């Protein structure tokens, strides 16, 4: 299965899937979907006041903790402070107590300013204006260099625009800022794949699958990468595993076709 920039599934349809995922609700989705060590930033001697935060649409405890403390894992701290048990109905409009210090207040100010730009750039990306969206995502990062969602979206927009080397650089920074996020690992692998570094891509596809075996695009991309670097037997196992897990998946027809081709090759004189 030769993958060209114009026809390989992981180079075209998968990019659109990544873009759709990241633009849908990344700020809430990535934070909520990850597991982080608890960080009690904002507590103890550094706390100078307790503010009341009204939950906005799309926010989660993790995203609020990230906005104030720069640590999504501090969600557990906020839950403790507000006596939220497992059965508590977290919803838009409720008020949370957030202990903060001067650094937390300044961090939240930068994040709020960056989010205004982020919302504008997201609409540009959805409208297909990738060049302008790149500028806006970069501006948001200048305002708040720790804004992981903006960094991820910048990397994905660069990838969709074909600027693979810049996409690699940005997504590597994103992975460093928020490790153990499968979608970011997949996007970085995709950027390396498009840049012709299939072995590098495979490392990140492997990591994405390890973190989330249900990530269909990563499972199929991993099989394609294995095949491209000549690991035929491993690719067959990966394709077969993909089909068992996703018999009606997005890439099921391609996977079956490739397995048939490989089987025919093995019996040819």
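The values are calculated or read from the model by the stated rules, or taken from the named source; none is laboratory data. Since the structure is predicted, the reported quantities are computational estimates derived from the model, not experimental observations. A quick note on method: Cβ atoms are made from the backbone with ideal geometry, for glycine too, and the neighbour counts reach across all protein chains shown.
Out of all the residues in region 114-121, is one or more surrounded by fewer than 17 Cβ atoms within 10 Å (Cβ to Cβ), out of contact with any helix residue (DSSP H, G or I) (no Cβ under 9 Å at 6 or more places or on another chain) and at pLDDT 85 or above? Within region 114-121, not a single residue is surrounded by fewer than 17 Cβ atoms within 10 Å (Cβ to Cβ), out of contact with any helix residue (DSSP H, G or I) (no Cβ under 9 Å at 6 or more places or on another chain) and at pLDDT 85 or above.
If you go through region 54-108 and keep only what is part of a loop (DSSP other than H, G, I, E, B) and without any contact (Cβ under 8 Å) to a residue 24 or more places away in the chain, you end up with 82, 83, 84, 85, 86, 87, 88, 89. Taken as a whole, the structure leaves residue 100 outside the set of residues that are more than 27 Å from residue 176 (Cβ to Cβ) and at pLDDT 80 or above. Region 173-269 holds helices (runs of 4 or more DSSP H) entirely within its bounds, and those carrying 2 or more residues that are more than 20 Å from the chain's Cα centre (by Cα) and loosely packed, with under 13 Cβ neighbours inside 10 Å map to 232-245, 252-267.
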